[in-house]
1. Rounded if a/c is under 1.5, else prolate if a/b beats b/c, else oblate: with a ≥ b ≥ c from the C-alpha gyration tensor eigenvalues square-rooted, which is the stretch 23-66?
2. Probe radius 1.4 Å, ligands and nucleic acids left out: which of 168, 265, 86, 317 has the largest accessible area, and how do the rest follow?
3. Please list, in order along the stretch 36-48, the HN-Hα scalar couplings obtained from phi with the Karplus expression 6.51 cos²θ - 1.76 cosθ + 1.60 (θ = phi - 60°), rounded to whole Hz, x for Gly and Pro.
4. Check which residues have an amide H placed less than 5 Å from residue 286's amide H, if you skip close sequence neighbours.
5. Once you have the Kirkwood Rh of the stretch 294-420 from its Cα pairs, apply Stokes-Einstein at 4 °C and 1.567 mPa s and quote D in µm²/s.
6. I'd like the Kirkwood hydrodynamic radius of the stretch 403-451, using the inverse of the mean 1/r over distinct C-alpha pairs, in Å.
7. Given the protein chains as shown and a 1.4 Å probe, how many square angstrom of residue 229 are accessible, to the nearest 10?
8. Sorted by accessible area (1.4 Å probe), largest first, how do 368, 380 line up?
Amino acid sequence: MKKVKAMVILLVIISLPALSSLALAAKYTFIPRISIDSYYTDNINLSPDNKQDDIVTSIVPGFTAGVSGQTAGINVTFDPGYTFYKNSDDANYWRFNAGLNSFLDITQYTKLTVTDRFYLTQDPDPEFLITDVRANEPGASLDPTIRQGQSQYWRNSATARVDHEFGKDKTIFAEYRNVILRNDNNVQYEDSDVNTGIAGVTYFFGPKWGTELEGTFSRRTYDQTGDFLGVPSSDQDVWGGRARLIRRFTQTTDGFLEYKYGNIKNTSDRIFSVQPGFGQPTLVVNEDYTIHDVRVGADYAIEQDLLLSGNIGWAIKVNDVTDNQDGLVGELTLRKTLRRGGIRVGATAGYDVQGFNTTAQNLGLIRFYGATITGDYQLFRKIYGDAFGGYRQNKYVDTLPERTQDLYTAGAGLTWQPFGWSAIRLGYSYRTSNSDIDSEEYTENRISLRLSLSTELPFRSLF
């Protein structure tokens, strides 16, 4: 927690120019709120056996406070809450969710952005994080590995970024990211820190041709206690780069050719390590490797409210010890904006290099395939509906034997806003995991009810 305090202090110091530059005419906001979240689950621990149902209720008071002007602004959210279980009184705990977003226009063409996101929870798959990811909240990301049980953990993500525009369609940026993960369950999970630096430039030579260049360095370190079962993971240095050639064909159509490079170096010189499963140890190959990824893609605005984006290519993973691996990579996204809502359909094939984010388990590189569909719609004047569905297959290609996991999710909800300061949402979600590791298979059904009261509570579309 000391690192988080230090990071928050640093972010506040960085954000001070934004505060000092605000004039008396700046807009000040303070939005208090309170919510009561309650859900029934038929598998509280996401366990394959001995399923336990429970009713979990959280009372969460909170607020958003901010000040903003034409050239600077800062916004802080704080939502502490107390969670209690109907069938497990000894599992009751305090949860926290907080965030900071700020910006400062250093000059007319130079902008500083600082963000921070912190959450502490026992929920292995928290609903608020899924919502934030779908809404593209800064600092929110999903963990592609499996977390089970009701042990407490916290995660903090901080970012500082400077963007500078030096001409029409000519920009340069530099960014620093820090991600910290800490677990109470030190038997199963390792603590980790990720520090990442990114710099890049976008430069158009004329109205039709342009390029994007980007370089990245990330250092990932692990920490364990004496209770940890298994050989500690190797720390990693990750070098990356990206070069994209862009061609504007029309006002509504862009095409590109892209090359990505990644180099993963295990700094502790360990080749193999044993990562514990729930009673089933897994051998993870911690070897050095490089990734070469070549893609071609396009963005096409079919209509003003219909956007199609896609790319396809091939990636090769060149290993230092084991046989090389390769496969298809690509993304396809269709977004449709409706007068009273929106819908998004996507499909993807790629890989997760676990050097840029904190994850519950260190299982090396993840090869994945997936598809999602999400949508929301204003059914009546004060009633909104939302629905989502998804599938993702994870292949843990650095484990021996290679592991495969299929994840299915689906859900829907109705939100009623009887007044501008209140909302009631009733929702249902389904999650299931099919895995080569029996202990990581589970199915959960969850029915949720949420009451929110706030002085300002507009419906937030996810698009």
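The values are calculated or read from the model by the stated rules, or taken from the named source; none is laboratory data. Given the structure is predicted, the values throughout are model-derived calculations rather than measurements. We work out accessible area using only protein heavy atoms, side chains counted, and drop any ligands, DNA or RNA first. Shrake-Rupley method; radii C 1.70, N 1.55, O 1.52, S 1.80 Å.
1. prolate
2. Largest accessible area first, the list is 168, 86, 265, 317.
3. With coefficients 6.51, -1.76 and 1.60, one gets 10, 10, 9, 9, 9, 10, 8, 7, 4, 9, 6, 9, x Hz.
4. 272, 273
5. Here the translational diffusion coefficient equals 75 µm²/s.
6. Answer for the stretch 403-451: a Kirkwood hydrodynamic radius of 12.8 Å.
7. Here the accessible area works out near 100 Å².
8. 380, 368
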